[in-house]
1. Where a Cα-Cα gap under 17 Å defines reach, which aspartates and glutamates qualify for LYS333, not counting those fewer than 8 residues away within the same chain?
2. Using a 1.4 Å probe, what is the accessible area per residue for region 344-429, in Å²?
3. Across region 394-401, in residue order, what do the Karplus-derived ³J(HN,Hα) couplings come to in whole Hz, using 6.51 cos²θ - 1.76 cosθ + 1.60 with θ = phi - 60° and x for Gly and Pro?
4. Kindly state, to the nearest 0.05, the FRET efficiency for ILE335 paired with LEU229, given R0 = 60 Å and r defined as their beta-carbon distance.
5. Amide H to amide H, which residues 5 or more places from VAL279 or on other chains are under 5 Å from it, using H placed in the peptide plane?
6. When the accessible area of region 371-435 is split by element with a 1.4 Å probe, what percent falls to carbon and sulfur?
7. Can you work out the Karplus-derived ³J(HN,Hα) for every residue in region 306-311? Use 6.51 cos²θ - 1.76 cosθ + 1.60 with θ = phi - 60°, whole Hz, and x for glycine or proline.
8. Counting heavy atoms of the protein chains only and a 1.4 Å probe, report the per residue accessible area for region 149-273 as a whole number of Å².
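The values are calculated or read from the model by the stated rules, or taken from the named source; none is laboratory data. Worth saying up front: this structure is predicted, and the values here are computed from it rather than measured. Here the Cβ positions follow ideal geometry from the backbone for every residue, glycine too, while neighbour counts run over all protein chains shown. For the accessible areas, the whole protein counts, side chains as well, though only heavy atoms, and no ligand, DNA or RNA atoms are used. Shrake-Rupley method; radii C 1.70, N 1.55, O 1.52, S 1.80 Å.
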Amino acid sequence: MMRNSEQCPHGAIAKRRKVPKISLCNLPMDILSMILSLLPINDAVRTSVLSKKLKRVWCSHNNLTFDKGTMRKTYFRPSTGYYGVLRAKEFITKVDAVLHQHSGMGVEHMEIKFGLHSKRADHIDKWVNFAIASRTKEFVIDLSGRPKSTYFGELSCGNKRISSEEPYNLPSQLFSPSNGSYLQCLELRTLCVQLPSDFKGFLNLKSLSLVDVRITDEDVHSVLSKCNLLEFFEIAYCRMVTRIRMLHSLDRLKHLVVDICPKLQEIELNCSPTTLKYVGAFIPLISVSTSRLTNISIVFLTYQSSLSYIATGFPSTSPRLETLTLLCYEHEKTIVPEGPFKFTYLQNLRLELVISDYGKIDVLDYAYLLKIAPFMETLELPMWMVGRNRPYCKEDGELRIGLPHKHTHLKSVRISGFFGHKDQVELSIHILRSSIALEKMEITPKLEISNNLALHDCCYEKPHYVDGHRIATEFVCKADYRNVVNVVKVPSSLEPSAAAMEA
């Protein structure tokens with residue numbers, strides 16, 4: 001057998017072509033830049049040991065993300081991965097080293113995520129100036145050092161700030177017309193913002209997020225009135241803000257997020273976003289136009305009647321609303337609004353109910369939803385019946401079975417937090433009998449209230465899971481002649497686990 005040659009058809013011997021080896025360093029600079037841009041900055045820096053050419057490439061890395069992951073310690077154990085606490089001094093040293101070697105050109109995204117405060121201002125100022133000088137398009141500076149979800153638990157319970165350190169004050173040069181003109185996305189968290197008196201706005205800014213930012217009402221108004229290309233605006237956990245006013249029209253704004261600003265008293269909009277998310281106390285929400293609004297998500301942390309708010313409040317002013325998510329604390333009997341009002345575009349509804357003061361609330365009242373949303377296709381009803389302890393039994397009287405409301409579009413229903421109370425059974429059967437196009441109805445006793453609002457009480461409610469499954473199986477499934485009901489069995493603390501039974 002010939003190894004280095006081959007027999008041609010006419011007997012001649014030809015040498016095999018040697019395929020040249022492809023070296024990473026031989027690739028064109030633009031291809032190398034594209035490859036390294038896909039790597040985190042710490043891995044891109046490590047490629048510099050391979051060749052001087054690669055060192056030149058990483059120095060133009062366009063994605064600079066500095067956090068505990070990318071600046072991690074290099075101690076590694078196969079069983080646990082990287083370990084070792086990254087302290088502020090080490091983090092600062094590593095960031096400074098990378099930026100010192102970087103060319104400062106072509107930065108698309110720069111992100112700083114680490115727990116720092118005003119005592120480190122000298123270093124943070126240098127990083128901000130680097131972002132300005134490199135004409136960064138997306139700039140994220142998060143000095144909280146903790147997950148965003150922790151703010152919700154802190155402020156929804158009325159607690160004060162966890163950190164006692166003075167937050168970092170963002171330098172005013174970021175807000176000058178020349179320095180901020182390249183910014184398209186700006187995310188700020190856990191710092192102070194004070195706009196200069198000559199602030200002219202960000203000419204190209206499309207996305208702005210302010211989370212746990214110390215900022216005044218006037219500066220919020222100024223930003224909103226001078227960023228005409230804004231498409232996304234989020235303001236969350238800002239403790240000084242009392243009013244959000246958009247005095248100038250923001251025609252391009254599509255998404256608005258307002259999340260627990262504890263002193264907020266009013267929102268006044270001069271725009272028509274397509275999506276609106278609000279979490280907080282019940283406050284006036286005024287809008288010049290809601291013609292484009294198709295998606296609303298609201299979590300009220302104070303008592304509010306859900307049915308009256310849906311039919312007469314802000315959602316009722318949105319003629320093209322397609323998706324509505326609403327969480328309400330209910331403690332008084334709902335007065336079902338009268339009148340011909342109907343949602344003509346609403347297809348998806350998720351109504352989360354935290355119901356307290358047993359005896360005042362009648363869950364069957366929520367059958368009203370079928371009347372005001374005749375084109376609804378999906379319905380989710382997560383419930384948390386606080387204080388109710390006894391499931392339905394015959395001593396509670398016969399079930400109220402009224403005339404079904406013929407709903408021709410509802411296809412999917414999910415009811416959670418079903419503990420088997422009488423009015424829960426009645427509502428489930430009413431929806432089942434009224435929805436002639438229904439394809440599936442799923443009932444589960446598990447609590448599924450969002451934002452972990454029922455997290456600490458789940459263990460106390462688990463004993464009701466067995467009752468909920470039993471009652472749904474006995475009464476709701478019995479009324480199901482189309483085989484569309486599925487009752488989910490959720491293990492409770494009272495039931496032995498499979499492992500325990502095997503032992």
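1. Leaving aside aspartates and glutamates fewer than 8 places away in the same chain, those within reach of LYS333 are GLU352, ASP357, ASP362, ASP365, ASP423, GLU426.
2. 40 Å²
3. So the J values, rounded to whole Hz, are 4, 5, 7, x, 5, 5, 7, 10.
4. Calculated transfer efficiency: 0.85.
5. Residues meeting the amide H criterion: VAL258, ASP259, ILE260, VAL299.
6. So the carbon and sulfur contribution to the accessible surface is 54 percent.
7. Working through the residues one at a time gives 5, 5, 5, 5, 4, 8 Hz.
8. Using a 1.4 Å probe on heavy atoms only, each residue of region 149-273 averages 43 Å².
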